[in-house]
Amino acid sequence: MASDGEFTAPGIGEFLGLPALFFEGTPFEINRIILVRLVAIGLMLLLFWIALRKPSRVPGRNQSIAELALGFVQVQIADQILGKEMGRRYLPLLAGLFFGILAMNITGVVPFMNISGTSIIAMPLLLGLVAYVVFIYAGIKALGPGKFFKNSLFPAGVPWPIYILLAPIEFINIFIVRPLSLALRLLLNMMVGHLLLVLCFSATNFFFFTAGGWAGLFGVGTLAFGFIFTFVEFAVYILQAYIFTLLTAVYVQQAVAEEH
């Protein structure tokens, strides 16, 4: 960032040690990232409430948009991965994950927020934990605890001596790597995208207002790249919400399968 006439590249320090905005020193302390998350989720819930508070057989524009958005999650994720019966059962959870993640992702390009609510590890870890609990719950509910863990750790059709190596690997893969990979994939995409945007616009500020002269021409280029990356990031926000929700559905489907 620019400071005292000098330019320094943005670092991960922006994601760490955020000062308190409200209720400092209490269990309810709110800093910038928490405020962004609350605003994002609040606006998302408000929009859905406005659109669906008075549903009608002949939907208006707002209801049609909301139903189209929910229909995307239902058709492209829930029904496609889980089937209609199970997809209907898990649709509220999958829709909540998709639109919640999307709302918090989009704040990365919203003026005066400029940081994604999922770009600090706590939220991706929490979302990964939700997916973790859900697919374990789904497997135990469908198969019972014994059969669920047997299917998970001891896949059928493998010679029994191989289980000595395979069972620990499956345990690490299913019960540790899955939730962590979900969290880290989301976190790193949000962090990298945010840093690229900050770098572009910080460089633009430097070239236009500090370097001066012919260096200002470089500012035109960094500004153009900044706007291009903004549209790319918007697509990434949607894609990451989709991938997280899709993988959650895949893990649920694998958990309830009779045999892996």
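Observations
- Shape category assigned to segment 123-180 from the gyration tensor of Cα positions, a/c cut at 1.5: oblate
- Test item: Cα-centred dipole of segment 121-260, Lys/Arg +1 and Asp/Glu -1 on Cβ, debye: 200 debye
- Protein accessible area in the chain, 1.4 Å probe - carbon and sulfur %: 73 percent
- Nearest 10 degrees, 0 to 90: helix 216-256 Cα axis against the chain principal axis: 10 degrees
- Taking the Cα centre of the chain as reference, the dipole from Cβ charges on Lys and Arg (+1) and Asp and Glu (-1) amounts to some 960 debye.
- The angle between the Cα long axis of helix 61-73 and the main principal axis of the chain comes to about 60°, on a 0 to 90 degree scale.
- Loop GluC sites (Glu not before Pro), segment 14-115 (other Cβ atoms within 10 Å of the site Cβ: 14 or fewer; DSSP): Glu24, Glu29
- Computed FRET value (nearest 0.05) for Val177 with Ile50, which takes r as the C-beta separation and R₀ as 41 Å: 0.55
- Label point at Ile243 placed 7 Å out along Cα→Cβ; residues across segment 188-211 whose backbone nitrogen lies under 13 Å: 188-193
- Taken over the alpha carbons of segment 107-260 as equal point scatterers, the Debye sum produces base-10 log I(q)/I(0) values at 0.16 Å⁻¹ of -0.89.
- Across segment 169-245, C-alpha contacts under 8 Å between residues 6 or more apart give a mean separation that, scaled by the residue count, equals a relative contact order of 32 percent.
- DSSP loop trypsin sites (Lys or Arg not before Pro) with at most 14 other Cβ within 10 Å: longest gap in the chain: 58-260
The values are calculated or read from the model by the stated rules, or taken from the named source; none is laboratory data. None of these values were measured; they are calculated from a predicted model. Using ideal geometry, Cβ is built from the backbone for each residue, glycine included, and neighbour counts are taken over all protein chains shown. When the accessible area is computed, the model is the full protein with side chains, heavy atoms only, and any ligands, DNA or RNA have been set aside. Shrake-Rupley method; radii C 1.70, N 1.55, O 1.52, S 1.80 Å.
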